[in-house]
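The values are calculated or read from the model by the stated rules, or taken from the named source; none is laboratory data. Predicted model, so just to flag it, every value in this text is computed and none were measured. So basically every Cβ, Gly included, is an ideal-geometry build from the backbone, and we count neighbours across all protein chains shown.
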């Protein structure tokens, strides 16, 4: 998988140069998302901020482009309206799922590769780890307030949406891993090699886009949330309207999520 090229008098693998270059871009992209989320204070829920950070770490500038197109506030006070289109909500839903699933899969892949387990065992363990991390941590633990504060309620509400999304991600990610890791270059099987991490990154990218359509569908059916808007200090202290009512923006902290114009205030829908 790629020959040798000479850089500053040293022969290095071409594929490693490509992989390291991608990692640099991913690092710079992730740094920007971190800055915009926490320093520039993009008015998004904390769980989604971390979702974007993880996804950008795995998907690099592709995730950065999606972040800017769907969730980065274009101007003060415009975030809530900006994120409402269904296609953007679907991106948010996919980010929330894939961030958890991919983290579980990659963690398991490092462990199984170090143990030298057969590929079919690797995939079974990685599927279980991705599903478990996505369901029990990223979906249920971080979003239990949507189930009235009940963790078990959050697990129950999240099980089917997470299962559907995980299956779609695995449909895209696992064939990439099988094809490239079982190819001629055994470096793809070694977590100490840049090629291993490049394969993981490519797998997450493919898995993300395969999982996107089902996430759009689930958001449209109110089975999942998408992007969320957390009101700024100015929005929370908005002046009462002439009839004496204070506007209540869609917000995660108040239990109302910007979900394609739909409220989750009853906490009954899946996260």
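A few remarks follow.
- Complete set of residues in the stretch 127-151 that are touching a residue at least 40 places away in the same chain (Cβ under 8 Å) and crowded, with 19+ Cβ neighbours inside 10 Å: 127, 130, 138, 139, 140, 142, 143, 146, 147
- Any chance residue 175 is surrounded by fewer than 18 Cβ atoms within 10 Å (Cβ to Cβ), outside the structural domain of residue 60 (by TED's automatic domain parsing), under 22 Å from residue 18 (Cα atoms) and touching a residue at least 60 places away in the same chain (Cβ under 8 Å): no
- Hey, residue 83 at pLDDT below 95 and more than 15 Å from the chain's Cα centre (by Cα) or not: no
- Index of the failed condition, residue 55 passing every other in (1) part of a helix (DSSP H, G or I); (2) within 28 Å of residue 235 (Cα to Cα): (2)
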